[in-house]
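Undergrad: For reference, the structure I am asking about is given below.
The values are calculated or read from the model by the stated rules, or taken from the named source; none is laboratory data. Since this is a predicted model, take the numbers as computed values, not measurements. Cβ coordinates were reconstructed from backbone atoms using ideal geometry, including for glycine residues, and neighbour counts include every protein chain displayed. Surface accessibility is based on the protein's heavy atoms, side chains included, excluding ligands, DNA and RNA. Shrake-Rupley method; radii C 1.70, N 1.55, O 1.52, S 1.80 Å.
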Amino acid sequence: MDPSLTAVLGNPVVLLPVSFILGLILGSFLNVVILRLPQRMESELEEACAEHNGAENAEAPTNRWFGLGYLTSPASTCPSCGHAIRAWENIPVISYLLLAGHCSACKTRISIQYPVVEFISGLLSLAVAWHFGFGWEALFALILTWALLAMSVIDIRQQLLPDVLILPLIWLGLMLNLDGMFTDIGSSIYGAVAGYVSLWFVFHVFLLLTGKEGMGYGDFKLFALFGAWLGWQLLPQILLLSSLVGAITGLGMILFLGRDKSIPIPFGPYLAVAGWIALLWGEQINQTYLQFAGIG
């Protein structure tokens, strides 16, 4: 890359606003992923089941994962009236405010999820750029950040962590750490294995003792993802923080929002939050703890 361009983009005065705007734009795309990816997965499952059961006129499962055309086509429309979303109605956050949160055609209320995801994406992107500065680490940390945000909202809505998002990121983390981008390759490999096996073990112990499933297999893979990216050393911190935040949030929802205790609460978003914190500040948190404990 041109050194002069690198110097310009590396300037925080340029980098931080650009990162925030990029995060807003990607947040708009993430809303499409959050909506359409589960729909596509359900459609493919139904097609596969129909073919397996020998249903008459069953269509063969459509293999469109590679092209990901279902994310860009058809164009976005209002789910209530089918109004085609125009360019000025699709500006992240701003369009929601200009439209007062309603469709311009039928006046149906637009879900608050859209601007919230866009704004959070912008803030998280800004934080990543502030922490890593301009470089390859920031780029791949942004990719992980955006994927974690999409997976978290999908898990909240559908109680589902899509393999199509998690598995490529596990391999990407291992590849990046061949050159030690976030940790050494040995810690990365052991982290991926330990992340999956540890929650798999907890799952089966809990199932044996209670007869209930305490989490899903997607949680195992997400924990393995953090092991692959950050190394086994940060897994205890991620698990402790996610469990603590999950317990406090769940208790608060039961006490103050009247949530039924029998309704399962997805664990993926808490893992994602804890893993993202570890991505940026995990080493500092570990060092602070060790110094406080008189070990470091």
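Undergrad: Could you go through the range 132-150 and let me know if any residue there is in contact with a Gly (Cβ under 6 Å, 6 or more places away or on another chain), touching a residue at least 24 places away in the same chain (Cβ under 8 Å) and in a helix (DSSP H, G or I). Outline the logic, then answer.
TA: Of the range 132-150, the ones in contact with a Gly (Cβ under 6 Å, 6 or more places away or on another chain) are 134.
Next cut, touching a residue at least 24 places away in the same chain (Cβ under 8 Å) only: 134.
From what's left, in a helix (DSSP H, G or I): none.
The answer is no, given that none of the residues of the range 132-150 is in contact with a Gly (Cβ under 6 Å, 6 or more places away or on another chain), touching a residue at least 24 places away in the same chain (Cβ under 8 Å) and in a helix (DSSP H, G or I).
Undergrad: While we're on this one: Pick from Ser43, Ser111: which is within 30 Å of Leu161 (Cα to Cα), open to solvent by less than 60 Å² (accessible area, probe 1.4 Å), modelled with pLDDT of 80 or more and not β-branched (Val, Ile, Thr)? Give the steps one after another, and end with the answer.
TA: Numbers: Ser43 fails: modelled with pLDDT of 80 or more.
Exactly one of Ser43, Ser111 is within 30 Å of Leu161 (Cα to Cα), open to solvent by less than 60 Å² (accessible area, probe 1.4 Å), modelled with pLDDT of 80 or more and not β-branched (Val, Ile, Thr), namely Ser111.
Undergrad: Within the range 207-296, which helices (runs of 4 or more DSSP H) (wholly inside it) include 1 or more residues that are within 16 Å of Ile166 (Cα to Cα)? Reasoning before the result, please.
TA: Numbers: elements: 217-230, 235-256, 268-292.
Those helices (runs of 4 or more DSSP H) span 217-230, 268-292.
Undergrad: Could I ask something else about it? May I ask you to verify whether Gly186 is open to solvent by 20 Å² or more (accessible area, probe 1.4 Å) and part of a helix (DSSP H, G or I)? Walk me through how you get there before you give the answer.
TA: Numbers: open to solvent by 20 Å² or more (accessible area, probe 1.4 Å): yes; part of a helix (DSSP H, G or I): yes.
So Gly186 fits the description; yes.
Each row is one residue, and each column tells you yes or no for (1) under 23 Å from Leu279 (Cα atoms); (2) surrounded by 22 or more Cβ atoms within 10 Å (Cβ to Cβ).
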| site | (1), (2) |
| --- | --- |
| Tyr190 | yes, no |
| Val193 | yes, no |
| Ser198 | yes, no |
| His204 | no, no |
| Glu213 | no, no |
| Asp219 | yes, yes |
| Leu222 | yes, yes |
| Ala228 | yes, yes |
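Undergrad: Hey, can you tell me all the residues within the range 17-29 that are open to solvent by less than 30 Å² (accessible area, probe 1.4 Å) and touching a Leu at 6+ places or on another chain (Cβ under 6 Å)?
TA: Within the range 17-29, just Ser19 meets the criteria.
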